[in-house]
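Undergrad: Starting off with a structure, shown below.
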Amino acid sequence: MIYAMMIVFSTLFSAHHPIAFSGFFERYEGMWVLLSYLILMLGAYLFISTLKQLWLILGVWLAALCIISIIGLFQFIGVDIFQTTAGRFLILPSQYQSIANSLDFNFPKYWIYATLYNPNNVASMMALALPMTAVCFFLSQSKIRRIGFGVLTGLFALVLAGTHARGGWIAVICAALLLFGVFMRHDLLRYWKWLSALSLVAVIAFAVLIFWGVQRANTVTLDQHHADYSIQVAPEHLSERLIRHYGTLGSGRLYIWIRSLQMARETVLLGRGPDTFALYFPNQDSYKRFFNQPEAFVDKPHNLYIQTWLNLGGLATCAFLAMIILHAVRTFQLLTKAQPSGEFYMLSSGLYAGWFAYLVAAMFYDSVVSVAPAFWIIFGLSLAVNHQLDSAIKSENPAALSI
């Protein structure tokens, strides 16, 4: 309720009502959309109570992801259906089909953006889906289901690799470590070799990513020093020194985060309105020359939590985090208390891993309308499954876990 109220208040007190209500160009996450996310979550929580309903929703979602993934795999091998003549006509309204041949596609060949507009969005969606299918693969009792979830897990992992987005892999690894903590309380530690190997790979991969990012940042900065040697620089603050030396780290995210956080004290209580970030970010900043694309217009912070703080306010961010943390702790307690059997247990742990991975990936990605609705529905389903799991535990009826 606090989060919803702050969405409304930040909109009403915004200096840019049209954008706060309807959203910014090419983002469209205004007040109505943000409130609709909460309605989706509450709907999934309040109206879903049986396994048949759960599998129906998840089945439709996974089927849609299969279509998205197939389109992405064609892009991965260099065959982008949207760049064909038929594909161009497919994505253009009839009044604009005369310019079909002049469409410019920004992403390099062999990069997957599927139907989600940006590789980062695909990575965010795969981070939400991949942990869930992986858990179902390990915990399914049915051989047919295990084969199906194994295929889906491999497919989604391949798509995630094709996005070239490192944040998605970090999120999946963190979800695996979370489940490791859950499974330590059960006999499921028969998978300890797999989990230990995965943890080792995670540590090595994270170290390699950090090393590669720092080396790349230093290389780009060195080139920029040579290009800008004649520019006289005034005494710098710590943040500016960080931007100068490491502004390109994380594909330029460090620069955006530093400049965004410098505005955070102005929105401690109330934000400037949904989707108004682009109106206040200092796009004319002289230190933007140390950004990967100094000519680019920055319209998002590439961090869900900074995005929420600046647009909706610190109070809304705290309410959002409190909701997430309370459910995360409650789910962990339920999973370590319940017997590791039955479909409700499998779904609870799978959904838990999925939305947790999404929120880790949100450290590097924004909330977008092509992915966020799926997260809020999955989060609502996680609440619904936990309700059923908790009821079964209290009734001390293990059979209820499979109803």
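Here, each number is a calculation from the coordinates, and none is a lab measurement. Note that this is a predicted model, so its numbers are computed, not measured. When we count neighbours, we look across all protein chains shown, and the Cβ atoms used for this are built from the backbone with ideal geometry, even at glycine.
Undergrad: Taking the Cα centre of the stretch 251-403 as the origin, how large is its charge dipole in debye, to the nearest 20, when only Lys and Arg (+1) and Asp and Glu (-1) carry charge on their Cβ atoms? Can you show the working numbers first?
TA: On the way: 10 positive and 9 negative charges, 67 e Å.
Result for the stretch 251-403 is approximately 320 debye, rounded to the nearest 20.
Undergrad: So how strong a dipole does the chain carry about its Cα centre when Lys and Arg Cβ are +1 and Asp and Glu Cβ are -1, to the nearest 20 debye?
TA: Working: 24 positive and 18 negative charges, 182 e Å.
Roughly 880 debye for the chain.
Undergrad: Within the chain, which is the longest segment containing none of the chymotrypsin sites (Phe, Trp or Tyr not before Pro) that sit in a DSSP loop and have at most 13 other Cβ atoms within 10 Å?
TA: No qualifying site falls inside 111-228, the longest such stretch.
Undergrad: Using a 10 Å Cβ count of at most 14 others and DSSP loop calls, identify the longest part of the chain lacking such trypsin sites (Lys or Arg not before Pro). Could the numbers behind the result be given before it?
TA: On the way: sites that count: Lys109, Arg185.
Segment 186-403 is the longest.
Undergrad: If you stretched the chain out fully between Ser22 and Met184, how much longer would it get, using 0.36 nm times the residue separation minus the C-alpha to C-alpha distance?
TA: Values: separation 162, 0.36 × 162 = 58.32 nm, distance 4.64 nm.
Gain on extension, Ser22 to Met184, equals 53.7 nm.
Undergrad: How much FRET efficiency would the formula 1/(1 + (r/R0)^6) give for Arg289 and Leu238, where r is the Cβ-Cβ distance and R0 is 22 Å, rounded to 0.05? The partial results should precede the final answer.
TA: Details: r = 19 Å, r/R0 = 0.84.
So, using R0 = 22 Å, E works out to roughly 0.75.
Undergrad: Answer with one residue from Ser94, Ile81, Asn292: the one whose Cα lies farthest towards the positive end of the charge dipole of the chain, charges on Cβ with Lys, Arg +1 and Asp, Glu -1.
TA: Ile81
Undergrad: Quick one: Debye curve from the C-alpha atoms of the stretch 258-308, no solvent, what's log10 I(q)/I(0) at q = 0.20, 0.21, 0.23 Å⁻¹?
TA: Here log10 of I(q) over I(0) equals -0.71, -0.77, -0.91.
Undergrad: Let a ≥ b ≥ c be the square roots of the eigenvalues of the Cα gyration tensor of the stretch 92-157; is it rounded (a/c under 1.5), or, if not, prolate (a/b larger than b/c) or oblate? Don't skip to the end; give the middle numbers.
TA: Details: a/c = 3.83, a/b = 2.83, b/c = 1.35.
Prolate, because a/c is 1.5 or more and a/b exceeds b/c.
Undergrad: Within 13 Å, Cβ to Cβ, of Ala362, how many net charges do the neighbouring residues add up to if Lys/Arg are +1 and Asp/Glu are -1?
TA: Working: positive: Arg253, Lys300; negative: Asp366.
Charge balance near Ala362 sits at +1.
Undergrad: Another question, then. Quick one, what does Rg over Rh come out to for the chain if you take C-alpha atoms and the Kirkwood Rh? Working shown, then result.
TA: Values: Rg = 22.5 Å, Rh = 22.9 Å.
Radius of gyration over Kirkwood radius for the chain works out to 0.98.
Undergrad: If you don't mind, there's one more thing I want to ask. Ordered by residue, what ³J(HN,Hα) values in Hz, to whole numbers, does the stretch 275-285 give under the Karplus form 6.51 cos²θ - 1.76 cosθ + 1.60, where θ = phi - 60° and Gly and Pro are x?
TA: For the stretch 275-285, the Karplus curve yields 6, 9, 3, 4, 6, 10, 5, x, 5, 9, 4 Hz.
Undergrad: If I model a spin label as a point 7 Å beyond the Cα along the Cα-Cβ vector, how far apart are those points for Arg265 and Ile39 in nm?
TA: 4.0
Undergrad: If each residue of separation counts as 0.36 nm, what is the full-extension length gain between Gln97 and Val79 once their alpha-carbon separation is subtracted? Intermediate values should be presented prior to the final figure.
TA: Details: separation 18, 0.36 × 18 = 6.48 nm, distance 2.12 nm.
4.4 nm is the gain from fully extending Gln97 to Val79.
Undergrad: Moving on to the next point. Helix 192-227 against the longest principal axis of the chain: what's the angle in degrees, Cα atoms only, rounded to the nearest 10?
TA: Tilt relative to the chain: about 10 degrees.
Undergrad: Sticking with this structure for a sec: Tell me the net charge near Gly23. Cut-off is 13 Å between Cβ atoms, Gly23 excluded, with +1 for each Lys or Arg and -1 for each Asp or Glu. Don't jump to the answer; show the numbers that get you there.
TA: Details: positive: Arg27, Lys300; negative: Glu26, Glu29, Asp275, Asp299, Asp366.
Result for the neighbourhood of Gly23: -3.
Undergrad: Then there is this: From the alpha carbon gyration tensor of the stretch 5-89, can you work out the equivalent ellipsoid semi-axes (sqrt of 5 times each eigenvalue) and give them in Å, largest to smallest? Walk me through the intermediate numbers first.
TA: Details: eigenvalues 214, 133, 12 Å².
The answer is 33, 26, 8 Å, longest axis first.
Undergrad: Using R₀ = 30 Å, calculate the FRET efficiency as 1/(1 + (r/R₀)^6) where r is the Cβ-Cβ separation of Ile147 and Asp104; round to 0.05. Kindly include the intermediate steps, with their values, before the conclusion.
TA: Values: r = 42 Å, r/R0 = 1.39.
E(calc), rounded to 0.05, equals 0.10.
Undergrad: Using a Cα-Cα cut-off of under 16 Å, which lysines could be cross-linked to Lys288, ignoring same-chain neighbours fewer than 8 residues away?
TA: Cross-link targets: Lys300.
Undergrad: Tilt of helix 343-361 relative to the longest C-alpha principal axis of the chain, in degrees (0 to 90, nearest 10)?
TA: 10
Undergrad: By a straight-distance test (C-alpha under 20 Å), which lysines pair with Lys337 as possible cross-link partners, with residues fewer than eight away in the same chain excluded?
TA: Lys394
Undergrad: Classify the stretch 29-68: rounded, prolate or oblate, from the alpha-carbon gyration tensor (a ≥ b ≥ c, eigenvalue square roots; a/c under 1.5 rounded; otherwise prolate if a/b is larger than b/c)?
TA: Values: a/c = 6.04, a/b = 1.30, b/c = 4.65.
The shape class here is oblate.
Undergrad: In degrees from 0 to 90, rounded to the nearest 10, what is the angle of the helix 314-337 Cα long axis to the longest principal axis of the chain?
TA: Compared with the principal axis, the helix lies near 30 degrees.
Undergrad: Take every Cα pair under 8 Å in the chain that's 6+ residues apart, average their separations, divide by the length, and report that relative contact order as a whole percent.
TA: Details: 540 pairs, mean separation 109.2, N = 403.
Dividing the mean separation by the residue count of the chain yields 27 percent.
Undergrad: Sum up the charges of everything whose Cβ sits under 11 Å from the Cβ of Leu279, counting Lys and Arg as +1 and Asp and Glu as -1, but leave Leu279 out. Please report the intermediate quantities before stating the final value.
TA: Values: positive: Arg272; negative: Asp275, Asp299.
So the surrounding residues net to -1.
Undergrad: Next question, about the same structure. Full extension from Ser395 to Leu46: what is 0.36 nm times the residue separation minus their Cα-Cα distance, to one decimal in nm? Walk me through the intermediate numbers first.
TA: Working: separation 349, 0.36 × 349 = 125.64 nm, distance 2.07 nm.
So the extension gain works out to 123.6 nm.
Undergrad: Separate question: Work out how far the C-alpha atoms of the stretch 277-403 reach from end to end along every principal axis, then list the three figures in whole Å, largest first.
TA: Extents along the principal axes: 65, 26, 22 Å.
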